[in-house]
Amino acid sequence: MQAIGIDIGGTKIAGGVVTELGEIVAERRVPTDAGDSGAIVDAVVEMVRGLRAEHPDVVAAGVAAPGFIDAAQSTVYYTPNIPWRNEPLRARLAERLDLPLTIDNDANAAGWAEFRFGAGRLASDMTMLTIGTGVGGAVIVQDRLLRGGFGTGGELGHLRVVPDGLPCGCGARGCIEQYGSGRALLRMANEVADADPTGVGRALADLRATRGELGGHDVSDLLQAGDEGALAALRELGGWLGQAAASLSVVLDPQVFVLGGGVAQAGELLLEPVREAYLAHLPARGYHPEPEFVIAELVNDAGVVGAADLARVHAAAR
Ligand SMILES: [Zn+2]
């Protein structure tokens, strides 16, 4: 049984036909106009119709969208970058598509793909942190995606790690998103450059002076080159993520933590401080079995694969 997966991102909409083994057999991509809700719906409808015309045997379509989705997998409560507020997205699509449809949070879809076909495939309990511009999360408990009673469970980016800490886009303060995201890494890199512009922060300060401001690629280039200043910023970031993971372990007790998103491309450089901080903050240290910390395996297509598989599973259970 094949299903269609659609991943609505801030800059593009990606779609594909996905097999039961998680293989993409057809793929499409269009740019997103994030400010225009109607245009996004039109683009999704067109993409599903096009993919279905080529693969008439698909049994369902799953849509992964950013933001908070309800437990019935039909309404988007809130999306930060697209003007959706209590948007009945499934109903809007169902009016125009004669196919079983499900809507899921994009980080949940990516996490599900990682659990089924990627770095979490050998575990029954997996926690994923997606470290992009912000921090996304997905939780698998005993082989099931945790959605929570209202559908918004697993929003791990808004776990509070610092009481009265930095203000977050969600309206609260001290969320891990402000300490463990790509945006936070840039802030930390700038702080290293400010603190010691002729010493450890020199390469960062020089690059900032040349560029006008530091970008994510600048920091990752310096990390790959082994620059001490960039590594110090990454260690600080990893320290916060490790602390958050220790708190998450108390509740979820996963066998594996999967780190995904652009910042996770740093690989072992990131995993090392995460593991260290995790162990330092873990209750019953030394007596608690240690979970694995690994980097996500499905880098670009996880949202498409996960959305399709969730839709397929949902259709099969009907
Ligand atoms: Zn927050």
- Message: Could you tell me the calculated FRET efficiency between Glu268 and Val30, based on Cβ-Cβ distance and R0 = 25 angstrom, to the nearest 0.05?
- Response: 0.10
- Query: How much area per residue is accessible in the chain when the probe is 1.4 Å and only protein heavy atoms are counted (Å²)?
  - Reply: 45 Å²
- Task: Calculate the spin-label point distance for Glu228 paired with Glu292, positioning each point 7 Å from the Cα along the beta-carbon direction, and give it in nanometres.
- Result: 3.5 nm
- Could the peptides 180-186, 40-46 be put in order, highest first, of the mean number of other beta-carbon atoms found within 10 Å of their residues? 180-186, 40-46
- Query: How much length is gained if the chain between Asp221 and Ala317 is pulled fully straight, taking 0.36 nm per residue apart and subtracting their Cα-Cα distance, in nm to one decimal?
  - Reply: 29.9 nm
- Task: Keeping all protein chains in position, work out how much accessible area Glu114 exposes to a 1.4 Å probe, and write it in Å² to the nearest 10.
- Result: 0 Å²
- Message: For a quick check, take a GNM of the chain with Cα springs below 10 Å and name the residue from Gly136, Gly306, Gly229 with the largest mean-square fluctuation.
- Response: Gly229
- With no solvent term and unit scatterers on the alpha-carbon positions of the range 8-142, Debye gives log₁₀ I(q)/I(0) at q = 0.15 Å⁻¹ of -0.77
- Which residues qualify? For Gly165, with a placed amide H closer than 5 Å and at least 5 residues away or on another chain, they are Gly174
- Note on the structure: Expressed in angstrom and rounded, the centroid-to-centroid distance over alpha carbons for the range 180-231 and the range 79-146 is 32 Å
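The values are calculated or read from the model by the stated rules, or taken from the named source; none is laboratory data. These figures come from a predicted structure and were not determined experimentally. Here Cβ is always computed from backbone atoms with ideal geometry, including for glycine, and neighbour counts include all displayed protein chains. For the accessible areas, the whole protein counts, side chains as well, though only heavy atoms, and no ligand, DNA or RNA atoms are used. Shrake-Rupley method; radii C 1.70, N 1.55, O 1.52, S 1.80 Å.
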